[in-house]
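The values are calculated or read from the model by the stated rules, or taken from the named source; none is laboratory data. Just so you know, these numbers come straight off a predicted model, no measurement behind them. Glycine gets a Cβ as well: all are built from the backbone with ideal geometry, and neighbour counts include every protein chain shown. Just so you know, the surface numbers come from the protein's heavy atoms only, side chains and all, with ligands and any DNA or RNA stripped out. Shrake-Rupley method; radii C 1.70, N 1.55, O 1.52, S 1.80 Å.
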Amino acid sequence: MSSSSSQNFVSRSAIKKVFAKLQKEGDGAVVRRGISRSEQKLLDPFLMLDEFSVSPPAGFPDHPHRGFETVTYVLEGGITHQDFKGHKGTIYAGDVQWMTAGRGIIHSEMPEEEINKGLQLWINLSSNEKMIEPNYQELSSSDIPKAEQNGVQVKVIAGESMGIQSPVYTRTPTMFLDFTLDPGAQFHQNVPESWNAFAYVLESGEGGAVFGSSNASPVSAHNVVVFGQGNDGVSVWNKSSSKKLRFVLIAGEPLGEPVVQYGPFVMNTQAEIDMTIEDYHYGKNGFEMAKYWRSQ
């Protein structure tokens with residue numbers, strides 16, 4: 001829905017703002033963690049959002065996952081991925097890797113260039129999909145549908161905006177949109193009523209990023225804005241006089257299931273976590289290659 005048809009649009013209000021603080025992660029990498037345990041209940045099915053910045057020799061060496069999906073969106077530089085299923089590749093600025101860890105994956109994510117930045121989102125899987133075979137969807141920047149109107153550009157990584165749709169298949173129904181608004185532009189994005197939604201501000205001029213209602217307080221870069229449920233969707237204004245506003249809008253259908261997380265493993269019960277740790281330790285039930293595989 002464009003700004004021109006906004007008169008009947010009822011926006012969700014921003015109910016919480018979280019500044020993503022810097023923390024160390026992996027081997028010498030730095031991340032800004034935008035969603036952590038305290039936001040998980042509000043933002044089901046999303047488990048984590050990190051804005052990462054990594055330069056060689058730092059990175060994310062061999063580590064396991066089970067029970068959810070990771071979406072890696074490179075903003076600058078490149079990230080090379082390898083896993084114990086023999087999958088290997090590099091994604092560069094504007095590219096996306098949508099990885100379904102399912103029953104088990106061990107992989108490494110290492111920087112390709114001097115400066116490498118991006119976002120990684122963790123999306124939970126429902127209990128009946130947690131133990132599926134691992135799977136990948138990779139989209140190069142040129143594969144991601146883009147649209148533009150009235151000073152607003154969008155890249156549709158998942159879901160739909162401005163009448164265009166992403167080719168990505170989302171097991172847990174998800175919307176992932178990368179918006180850039182020129183100074184003075186506004187936009188109203190439909191979001192299904194029952195879905196949870198949040199925005200993460202990547203770049204903004206002074207006083208620029210305004211969400212929910214046009215007189216709301218502006219939000220600075222590196223903040224997560226959590227929206228209340230219901231209503232038609234999300235409204236945004238760029239009130240900066242000189243700088244573009246760039247943010248991602250992410251929304252998804254809540255699973256409504258218990259979440260038990262132990263680091264890189266996310267299941268529904270403590271018993272399933274105990275079993276996962278045992279599977280990983282003994283190299284079984286999806287982790288058979290764990291004993292032998294090391295990334296190059």
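For the stretch 125-145 versus the stretch 253-296, the spacing of their alpha-carbon centroids is 18 Å. Using all pairs of distinct alpha-carbon atoms, the Kirkwood hydrodynamic radius of the stretch 70-134 works out to 12.5 angstrom. Amide H contacts of TYR136: THR100, each under 5 Å away and 5 or more positions distant or on a separate chain (H built 1.01 Å from N in the peptide plane; Pro and chain starts excluded).
State in Å² the accessible area per residue of the chain; use a 1.4 Å probe, count heavy atoms of protein chains only, and round to the nearest integer.
On the way: 12570 Å² over 296 residues.
Accessible surface, normalised per residue, equals 42 Å².
TYR280 contributes about 90 Å² of solvent-accessible surface, heavy atoms of the protein only, 1.4 Å probe.
Find the all-direction average of the projected area of the Cα convex hull for the stretch 162-296, expressing the result in square nanometres with one decimal place.
Numbers: hull surface 47.4 nm².
So the Cα hull casts an average projection of 11.8 nm².
Each residue, GLU113 and GLU257, gets one label point 7 Å from its Cα in the Cβ direction; the gap between the two is 3.8 nm. The string of couplings for the stretch 221-235 from the Karplus curve (6.51, -1.76, 1.60, θ = phi - 60°) is 4, 6, 10, 8, 10, 9, 9, x, 7, x, 6, 6, x, 10, 10 Hz, one whole number per residue in order, with x for Gly and Pro.
Run the count for the stretch 1-110, please: Lys pairs, Cα-Cα under 27 angstrom, 8 or more apart or on different chains.
Working: LYS16/LYS24; LYS16/LYS41; LYS17/LYS41; LYS21/LYS41; LYS24/LYS41; LYS24/LYS88.
Count of close lysine pairs: 6.
Among VAL168, VAL224, VAL260, the residue with the largest mean-square fluctuation in a Gaussian network model of the chain, with springs joining Cα atoms closer than 10 Å, is VAL260. Annotation: amide H of ALA93 within the under-5 Å range of GLY77, sequence separation 5 or more or interchain, hydrogens built in the peptide plane. Available extension along the chain between ARG294 and SER126 is 57.5 nm, counting 0.36 nm per residue and deducting the alpha carbon span.
Hey, how many Å between the Cα centroid of the stretch 19-94 and the Cα centroid of the stretch 169-208? So the separation of the two Cα centres works out to 20 Å. Within the listed set ALA147, ALA14, ALA221, the Gaussian network model of the chain (springs between alpha-carbon atoms below 10 Å) gives the highest mean-square fluctuation for ALA147.
Shown in residue order for the stretch 146-160 are the 3J(HN,Hα) couplings computed by the Karplus curve 6.51 cos²θ - 1.76 cosθ + 1.60 at θ = phi - 60°: 10, 8, 8, 7, 6, x, 10, 10, 9, 10, 9, 6, 8, x, 9 Hz (x for Gly and Pro).
To the nearest 20 Debye, how big is the dipole of the chain about its Cα centre, given +1 on the beta carbon of each Lys and Arg and -1 on that of each Asp and Glu? It would help to have the intermediate numbers written out before the result.
Numbers: 25 positive and 34 negative charges, 121 e Å.
Charge dipole, the chain, about its Cα centre: 580 debye, nearest 20.
Once all protein chains are placed together, MET267 keeps about 10 Å² accessible to a 1.4 angstrom probe.
Would you calculate, for the chain, the mean residue ellipticity at 222 nm contributed by helices, counting each DSSP H stretch of 4 or more residues as -39,500 (n - 2.57) and dividing by all residues, to the nearest 500?
-1500 deg cm²/dmol
Given C-alpha coordinates of the chain, what is the ratio Rg to Rh with the Kirkwood estimate of Rh? Could you put the intermediate results ahead of the total?
Values: Rg = 19.0 Å, Rh = 19.6 Å.
Rg divided by Rh gives 0.97.
Relative to the Cα centre, the charge distribution of the stretch 210-296, modelled as +1 at Lys and Arg Cβ and -1 at Asp and Glu Cβ, gives a dipole magnitude of about 780 debye.
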